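Reading through the structure tokens given below for one structure.
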Amino acid sequence: MASVLSALNTKNAIFLAGLALGAYHLMVVSGVIAISTMPMRVTHVMLALSLLFVIKPTSERLAGTRFNTVFSLALVAVTVAASAYLLTRWKAIAFSGGITNDMDYYAGIVLLIVVFEAARRGIGWILAGITFVFFLYPFLAPYLPGVLEGRGASLERIVLVLTTDTQGIYGIPVGVAATYIIVFTIFGALLSNFGAGDFFFELSNRCTRGLRAASAKSAVLFSTLIGMVSGSAAGNVAVTGTVTIPIMKREGYEPHQAAAIEAVASTGGQIMPPVMGAAAFIMAEIVGVPYTAVMLAAIIPALLFFSSAFMVVHLQAVKSGIVPNSSSKEDDDIPLWKVMVNGGPFIGAFGTLITMMLMGFSPFMASLWAMVVLVLGDIVWNRKIDAAFFSKIVTSVSEGARSVVTISAACAAAGIIAGVLGVTGLGSKIATLIDVASGGYLFFALFFTMVTSIILGMGLPTTAAYLILATVVAPALVKLGVPVLTAHFFVFYYGCISTITPPVALASYVAGGIAGANVNKVGWTAASYAATSFVLPFAFVYGPGLLMGGGLIDNALAILTAVIGTFSIAVAIIGCLNGKLAPHWRAVAAIAGLCLLFQGWISGAIGIALFAALVINDRTNSKPA
């Protein structure tokens, strides 16, 4: 009985701590609480890491033990103590031009230790290890060979730079987590708790009803809509896959195919405006452009991603002989317009969010007003305010805040890396290394960057992977002449699709577990279904029209050829158009798709000619699938 009460008390404490963290940041971004940048970030790190230490155990083996409880509470205590001390000192340090004392140094050491531990608990050993390697560089630099050799720095200097200024732990990544990300996670939790998932599912079903592979196409659309809110691939699979995967299996898809379709569709949520993944907000801040510019750049690649998924599931259905299901009379009794009317609060919330951002309001202010519209819309539509209504609001604030603590740990760790790069000049040295390794050829630099991004993304969440790549690799692409936003979007895109790239493909693993399929088979199938996605980043580097970066004609040409190219690659992947294709015609389809994806009149003409030959051959010679 005592253990049950203890668990309940811990659960309630976590809930209340999350509620306090969320309420604090809502008041900060709404202007109710006026606070300077440094104390706001210090307070955020203090509250977020303290909450993380309570939520995440020291290890799975030690979860629930007395040692874990004591150690975690000790970490909370030192985190609060060191942060509280810094809150009393930051103004004196800033106004004196950076003059510090011994206590600042000791508090800084404590803060660095808790950030390393938070990164280990929240993300894993990989991020903690990478961060620690970068932290060691200033002390090893005098002994390293070649371009990596440097003057080095003392421990005291590094510690103070990383903990008493806004170029270390409390840099841009933490600032974004404390403003943009936490507000959007609360917004996503509100949408979820007020029933947006049910609305999106109904909408997806109505839009795909009567089509061939309706369940698979509904899964793609459903995951797109959910992805606009959550921006988490594995989270999307967990939410949508439990509904869509069993339906796809009943429709005729093999378990591994159903799981792969769900994993691919859910992965695209991280690049789907308006919310995208948390990394997109950090990208806007690092690049120094409005978030609307990131959204605009993401629209065409995101639509091509989901178009590719639609095409793959349709062609797979043709090849597998899956025929359209006739709609039931009961379904016909609920027209699409009624589904849209019932989802009025959610449509209004998204409309407010997008409209305000297009009008120039900050993303977090737009999301605040979107929340207001959502809550008021729920009152109008349901015509009641009861205990359940307030419970949804309070629960959403707490859940949204708790979901950001691991992101905050990753942002704090990334701040250490960025700080070391700035102090030592290591960033420019790494850019030089990539430049030398590629021989100055952009394609090889892009290829090396792709491989690095995918490898990092396999072991890290997208946000953590992007933060490292943005500070270490993206500058090398910029040095080779790639526009800043394009370079950052390149690494961001590959960080996203690493969640379906074997051997470590988290989204595929979650989907495989739901489908009861071999997870490795799911991973490789998902990677093949998303083959277009591995080519797209190269295409928008060489053809800026795909990121809406060219003139009107260039953009239109890029979009048109990319759509046809995406379809052609889907045909090559599945090996079917109206009928099964011979291997050499699949190769023709692949070449045509690549030619069409890479913007240019000559490559486009070659691609169109090859694609036309493919279609003519299919109509005259191919056998039914």
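The values are calculated or read from the model by the stated rules, or taken from the named source; none is laboratory data. Here the structure is a predicted model, which means the values were calculated and not measured. All Cβ positions, even for glycine, are placed from backbone atoms using ideal geometry, and neighbour counts span all protein chains on display. Quick note on the areas: whole protein, heavy atoms, side chains included, nothing else; ligands and nucleic acids left out. Shrake-Rupley method; radii C 1.70, N 1.55, O 1.52, S 1.80 Å.
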Solvent-accessible area, 1.4 Å probe, carbon plus sulfur percent, for segment 158-210 = 47 percent
Per-residue SASA entry for Glu399, accessible area with 1.4 Å probe, Å² rounded to 10 | 80 Å²
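Of Ser192, Ser508, which has the most accessible area and how do the rest follow, probe 1.4 Å?
Details: Ser192 80, Ser508 0 Å².
Largest to smallest exposure gives the sequence Ser192, Ser508.
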Specify the longest stretch of the chain that does not include any exposed loop site, a site being one of the trypsin sites (Lys or Arg not before Pro) with a non-H, G, I, E, B DSSP assignment and at most 14 other Cβ atoms within 10 Å.
-> 385-625
Once amide hydrogens are built 1.01 Å from N within the peptide plane, the residues lying 5 or more places from Gly171 or on another chain with amide H under 5 Å from its amide H are none
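Ignoring ligands, DNA and RNA, what accessible area per residue does segment 328-461 give at 1.4 Å, in Å²? If you can, show how the numbers build up before the last one.
Details: 6220 Å² over 134 residues.
Accessible area per residue: 46 Å².
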Percentage of Cα-Cα pair distances in segment 388-472 greater than 15 Å, rounded to whole percent?
-> 69 percent
Under 5 Å between amide H atoms, partner at least 5 residues away or on a different chain: which partners does Glu149 have, H built in plane at 1.01 Å?
-> none
Based on the inverse mean of 1/r over its pairs of different Cα atoms, what is the Kirkwood hydrodynamic radius of segment 126-169, in Å?
-> 11.3 Å
For helix 405-424, what angle does its Cα long axis make with the longest principal axis of the chain, in degrees from 0 to 90 and rounded to 10?
-> 70 degrees
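Quick one: grab the alpha carbon gyration tensor of the chain, order the square roots of its eigenvalues as a ≥ b ≥ c, and give me rounded if a/c is under 1.5, else prolate or oblate depending on whether a/b is larger than b/c. Walk me through the numbers before you get to the answer.
On the way: a/c = 1.90, a/b = 1.32, b/c = 1.44.
Judged from the Cα gyration tensor, the chain comes out oblate (a/c at least 1.5, b/c at or above a/b).
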³J(HN,Hα) across segment 590-600 via Karplus (A = 6.51, B = -1.76, C = 1.60, θ = phi - 60°), whole Hz, x for Gly/Pro?
-> 5, 5, 4, x, 5, 4, 6, 6, 8, 4, x
If every Lys and Arg gets +1 and every Asp and Glu gets -1 at its Cβ, then about the Cα centre segment 333-403 yields a dipole, in debye to the nearest 20, of 60 debye
Gap in Å between the Cα centre of segment 503-543 and the Cα centre of segment 94-147?
-> 35 Å
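What is the magnitude of the charge dipole of the chain about its Cα centre, with +1 placed on the Cβ of each Lys and Arg, -1 on the Cβ of each Asp and Glu, and no other charges, expressed in debye to the nearest 20?
Working: 31 positive and 23 negative charges, 134 e Å.
I would put it at about 640 debye.
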Compactness check, segment 17-92: C-alpha Rg relative to the 2.2 N^0.38 Å globular estimate gives 1.27
For the chain, find the longest principal axis of its Cα atoms and tell me its angle to the long axis of helix 531-542, 0 to 90°, nearest 10.
-> 70 degrees
Just how much of Val323 is accessible, in Å², when a 1.4 Å probe is used and the result is rounded to the nearest 10?
-> 90 Å²
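With 22 Å as the limit, write out which pairs from Lys56/Lys521; Lys429/Lys479; Lys56/Lys91; Lys56/Lys392; Lys338/Lys392; Lys249/Lys521 have Cα-Cα distances beyond it, or answer none. Don't skip to the answer; put the middle values down first.
Details: Lys56/Lys521 31 Å; Lys429/Lys479 12 Å; Lys56/Lys91 33 Å; Lys56/Lys392 24 Å; Lys338/Lys392 24 Å; Lys249/Lys521 16 Å.
Pairs exceeding 22 Å: Lys56/Lys521; Lys56/Lys91; Lys56/Lys392; Lys338/Lys392.
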Output the Cα-based Rg and Dmax of segment 432-555 in Å, rounding Rg to one decimal and Dmax to a whole number.
-> 15.6, 48
Ordered by residue, what ³J(HN,Hα) values in Hz, to whole numbers, does segment 500-508 give under the Karplus form 6.51 cos²θ - 1.76 cosθ + 1.60, where θ = phi - 60° and Gly and Pro are x?
-> 10, 9, x, x, 10, 10, 4, 4, 5
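Strictly greater than 20 Å: what percent of every Cα pair in segment 159-235 meets that? Before the final figure, lay out each step's value.
Details: 1495 of 2926 pairs.
In whole percent, the long-distance tail amounts to 51.
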Under the Karplus curve 6.51 cos²θ - 1.76 cosθ + 1.60, θ = phi - 60°, whole-Hz ³J(HN,Hα) for segment 173-190, x wherever Gly or Pro sits = x, 5, x, 5, 4, 7, 10, 5, 5, 5, 5, 6, 5, 5, 4, x, 5, 4
Give the ranking of Met359, Met311 by solvent-accessible surface, highest area first, calculated with a 1.4 Å probe.
-> Met359, Met311
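Rounded to whole Å and ordered largest first, report the semi-axes of the equivalent ellipsoid of segment 244-381 derived from its Cα gyration tensor (root of 5λ). Working shown, then result.
Numbers: eigenvalues 220, 110, 26 Å².
In descending order, the three semi-axes are 33, 23, 11 Å.
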Over segment 32-155, one equal point on each Cα, no solvent: what is log10 I(q)/I(0) by the Debye formula at q = 0.23 Å⁻¹?
-> -1.27
So how tilted is helix 387-402 from the main axis of the chain? Cα-based, degrees 0 to 90, rounded to 10.
-> 80 degrees
When the charge dipole of the chain is computed with +1 at the Cβ of Lys and Arg and -1 at the Cβ of Asp and Glu, the Cα pointing farthest to the positive end, of Tyr291, Ile172, Ala216, is that of Ala216
What does the charge dipole of segment 93-215 about its Cα centre add up to, to the nearest 20 debye, if the Cβ of each Lys and Arg holds +1 and the Cβ of each Asp and Glu holds -1?
-> 620 debye
